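Participant: Quick one: this structure, given as structure tokens, is what I'll be asking you about.
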Amino acid sequence: MPVPLLDLRAQHATIKNDVIAAMLQVVEDQKFILGDTVSQFECAVAGVSHSRYAIGCANGTDALLLALRALDVGRDDEVVTTPFTFFATAGTIHNVGARPVFVDIEPRTFNIAPEAAAAAVTDRTRAIIPVDLFGQMAPIERLRALAPDVPLIEDAAQSIGARRRIDSEWKMAGEPATIGTFSFFPSKNLGGYGDGGMIVTQDEALFHRLMRLRTHGSVRSYFHEEVGYNSRLDALQAAVLHAKLPHLAEWSAQRRANAAFYDAALADVAEVVTPYVDPENESIYNQYTIRADRRDALQAHLQANGIGTAIYYPLPLHLQPCFAYLGYREGSCPEAERAAGEVLSLPIFPELTQSHLDEVVSAVRAFYGR
Ligand SMILES: Cc1ncc(COP(=O)(O)O)c(C=O)c1O
């Protein structure tokens, strides 16, 4: 039985009526740009992320770009981040004219190593961007303690609804940082029917600045305080996402249940390291990413058995050709490099059936002769 890495049609089938009704309402209203549909969804995301303010934008990449601009990051500045992430995290640093400074990851969680990040801070550092990778929050409070004067942009593109216990209180993804950013790319736990993004913050001044930056730097039409962007969350996407939002918690819980099944079913396979979740974290498992001995051969074997997998990420960002000018070499971030050679993400989406899960487990076990 084939098992795809992700089956968005299976999810759509369960919510079709609600989503289509929400889209039709936007079509009937003919209000496609911002307006109530977007602001109601912004309020809902502020609620989910325990944030005072939420600003919709065109995608998760723009959310990072706008966040950097709102913190006045620009030419000759440095921004410390992880090399083991999707390209946008560092591409946006480059695109505001600043220099990405890559530091290594913690091998168990794949998230940025706080001590390494703090050690890389210089008098040019304007921000640190930790990424909540694969659905698990980065240790924001440790970064804050080690670099108290540096603003934190939490790239929570993969982690809406994840939470972390900080000083015995649950904090939601996006909540504890200076600015948090989300992506609604269709493969995310809360995915649109197209692109979408959101920025959250507790800071009123940053909120006003972000609102201005997303509409060409203007508050009043045709008067521009600064040069901004045209980066809005489309009303049709906001309608879809708002219709999906009530399901997010149950979908993420189902992903956790799937993860628990894999964890137990693969526990005795010594060649596989199942994902480690920091005891202070509750992951939303946007990905279920193992480390595997002979990873490429395992992936080929799974593919031959009709099982979809992916490698997130095959080449860490400090070794990407476009960042050669930064002067990193192989060995600069050894843990990120080792991870790139070992990781494999298995199907984890909430609509997987028990037969799908069994199929994946027996194919992995068979590869290692179990
Ligand atoms: C960690 C991370 N940052 C940023 C992004 C960019 O989001 P988008 O694709 O919505 O621009 C993504 C997702 O694709 C991501 O996974």
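Participant: Taking chymotrypsin sites (Phe, Trp or Tyr not before Pro) as exposed when DSSP calls them loop (any state but H, G, I, E, B) and at most 10 other Cβ atoms lie within 10 Å, what is the longest stretch of the chain free of them, the sites themselves excluded?
Facilitator: On the way: sites that count: Tyr222, Phe223.
Counting at most 10 other Cβ atoms within 10 Å as exposed, the longest clean stretch of the chain is 1-221.
Participant: Accessible area, 1.4 Å probe, largest first: how do Asp263, Asp358 sort?
Facilitator: Solvent-accessible surface, decreasing: Asp358, Asp263.
Participant: Compute the length gained on full extension between Arg365 and Asp268: take 0.36 nm times their separation in residues and subtract their Cα-Cα distance, giving the result in nm to one decimal.
Facilitator: 34.0 nm
Participant: Would you compute the Debye intensity of the stretch 217-370 from its alpha-carbon atoms alone, equal scatterers and no solvent, and pass along log10 I(q)/I(0) at q = 0.18 Å⁻¹ to two decimals?
Facilitator: Here log10 of I(q) over I(0) equals -1.10.
Participant: Right, another one. For the chain, what % of the accessible area comes from carbon and sulfur atoms, probe 1.4 Å?
Facilitator: 52 percent
Participant: For the chain, what is the accessible area per residue in Å² when the probe is 1.4 Å?
Facilitator: Solvent-accessible surface per residue comes out at 42 Å².
Participant: Stretched out fully, how many nm does the piece from Arg338 to Arg294 gain, at 0.36 nm a residue minus the Cα gap?
Facilitator: On the way: separation 44, 0.36 × 44 = 15.84 nm, distance 1.27 nm.
Value of the extension gain: 14.6 nm.
Participant: Quote the FRET efficiency, to the nearest 0.05, computed for Arg75 versus Ile311 with a Förster distance R0 of 45 Å and r equal to the Cβ-Cβ distance. Walk me through the numbers before you get to the answer.
Facilitator: Numbers: r = 34 Å, r/R0 = 0.76.
The pair Arg75/Ile311 has a calculated efficiency of 0.85.
Participant: Continuing with this model, one more query. For the chain, set up a Gaussian network in which alpha carbons nearer than 10 Å are linked by springs, and say which option among Leu352, Leu326, Leu206 fluctuates the most.
Facilitator: Fluctuation is largest for Leu326.
Participant: Related question: Using the Karplus curve 6.51 cos²θ - 1.76 cosθ + 1.60 with θ = phi - 60°, work out ³J(HN,Hα) for each residue of the stretch 137-145 in order, rounded to whole Hz, and write x for Gly and Pro.
Facilitator: Values per residue, Gly and Pro as x: 5, 6, x, 4, 5, 6, 4, 4, 5 Hz.
Participant: If you don't mind, another one. Any chance you could list the semi-axes, whole Å, largest first, of the equivalent ellipsoid that the Cα gyration tensor gives for the chain, using √(5λ)? Each step should come with its number before you reach the end.
Facilitator: Values: eigenvalues 213, 148, 59 Å².
Semi-axis lengths for the chain are 33, 27, 17 Å.
Participant: How charged is the neighbourhood of Ala46? Take every other residue with its Cβ under 11 Å from the Cβ of Ala46, and add Lys/Arg as +1 and Asp/Glu as -1.
Facilitator: Counting the neighbours of Ala46, the net charge comes to -1.
Participant: Enumerate the helices in the chain for which the Kyte-Doolittle hydropathy averages -0.5 or more and the C-alpha atoms extend at least 27 Å along the helix's axis, using complete DSSP H runs.
Facilitator: 8-29
Participant: Sticking with this structure for a sec: For the chain, what does the helix formula give at 222 nm: sum of -39500 (n - 2.57) over DSSP H segments with n ≥ 4, over the residue count, nearest 500 deg cm²/dmol? Can you show the working numbers first?
Facilitator: Working: 12 runs with 139 residues, N = 370.
Here the helix-only value at 222 nm equals -11500 deg cm²/dmol.
Participant: Tally the DSSP beta bridges in the stretch 105-237 and give the antiparallel ones as a percent, rounded to 5.
Facilitator: If we restrict to bridges inside the stretch 105-237, about 70 percent are antiparallel.
Participant: What is the sum of charges around Ile55, taking Lys and Arg as +1, Asp and Glu as -1, for the other residues whose C-beta is under 13 Å from the C-beta of Ile55? Walk me through the numbers on the way to the answer.
Facilitator: Values: positive: Arg52, Arg69, Arg209, Arg212, Arg214, Arg232; negative: Glu42, Asp62, Asp203, Glu204.
Here the charged neighbours net out to +2.
Participant: Under the definition of Cα pairs under 8 Å and six or more residues apart, what whole-number percent is the relative contact order of the chain?
Facilitator: It comes to 22 percent, rounded to a whole number.
Participant: May I pose another question? What are the extents of the Cα atoms of the stretch 81-141 along their three principal axes, in Å, largest first?
Facilitator: 31, 23, 17
Participant: Antiparallel DSSP bridges in the chain: what percent, to the nearest 5?
Facilitator: That works out to approximately 65 percent antiparallel.
Participant: So in the stretch 1-151, what percent of DSSP beta bridges are antiparallel if you round to the nearest 5?
Facilitator: 10 percent
Participant: For the stretch 323-370, evaluate the Debye formula with one uniform point scatterer on each Cα (no solvent term) and list log10 I(q)/I(0) at q = 0.28, 0.33 Å⁻¹, rounded to two decimals.
Facilitator: -1.05, -1.12
Participant: Let me ask another. Using DSSP to call loops (not H, G, I, E or B), can you name the GluC sites (Glu not before Pro) in the stretch 212-278 whose Cβ has at most 13 other Cβ atoms within 10 angstrom?
Facilitator: Answer by residue number: Glu225, Glu226.
Participant: Specify the residue with the greatest mean-square fluctuation among Ala70, Ala257, Ala336, computed from a Gaussian network of the chain linking alpha-carbon atoms under 10 Å apart.
Facilitator: The residue with the greatest mean-square fluctuation here is Ala257.
Participant: If the viscosity is 1.002 mPa s and the temperature 20 °C, what Stokes-Einstein diffusion coefficient in µm²/s follows for the stretch 65-221 when Rh is the Kirkwood radius over Cα pairs?
Facilitator: Once the numbers are plugged in, D ends up at 136 µm²/s.
Participant: With r defined as the distance between the Cβ atoms of Ile33 and Ala257 and R0 fixed at 41 Å, what FRET efficiency is calculated, to the nearest 0.05?
Facilitator: 0.55
Participant: Add +1 for every Lys or Arg and -1 for every Asp or Glu among the other residues with Cβ under 13 Å from the Cβ of Pro347, and state the total.
Facilitator: With Lys, Arg at +1 and Asp, Glu at -1, the net is -3.
Participant: List the lysines whose Cα lies under 24 Å from the Cα of Lys171, skipping any in the same chain that are fewer than 8 positions away.
Facilitator: Lys188, Lys244
Participant: Could you calculate the contour length gain from Ala13 to Trp170, that is, 0.36 nm times the residue separation minus the distance between their Cα atoms, to one decimal place in nm?
Facilitator: 53.2 nm is the gain from fully extending Ala13 to Trp170.
Participant: Measure out, as a whole number of angstrom, how far apart the alpha-carbon centroids of the stretch 89-117 and the stretch 30-61 sit.
Facilitator: 27 Å
Participant: Stokes-Einstein D for the stretch 1-159 at 25 °C, 0.890 mPa s, Kirkwood Rh over Cα pairs, in µm²/s?
Facilitator: The diffusion coefficient I find is 138 µm²/s.
Participant: Turning to a different aspect of this structure: Against the globular-protein guess of 2.2 N^0.38 Å, express the Cα radius of gyration of the stretch 129-226 as a ratio, rounded to two decimals.
Facilitator: So the Cα radius of gyration is 1.20 times the expected 2.2 N^0.38 Å.
The values are calculated or read from the model by the stated rules, or taken from the named source; none is laboratory data. Model, not experiment: these values are computed from the prediction. All Cβ positions, even for glycine, are placed from backbone atoms using ideal geometry, and neighbour counts span all protein chains on display. For the accessible areas, the whole protein counts, side chains as well, though only heavy atoms, and no ligand, DNA or RNA atoms are used. Shrake-Rupley method; radii C 1.70, N 1.55, O 1.52, S 1.80 Å.
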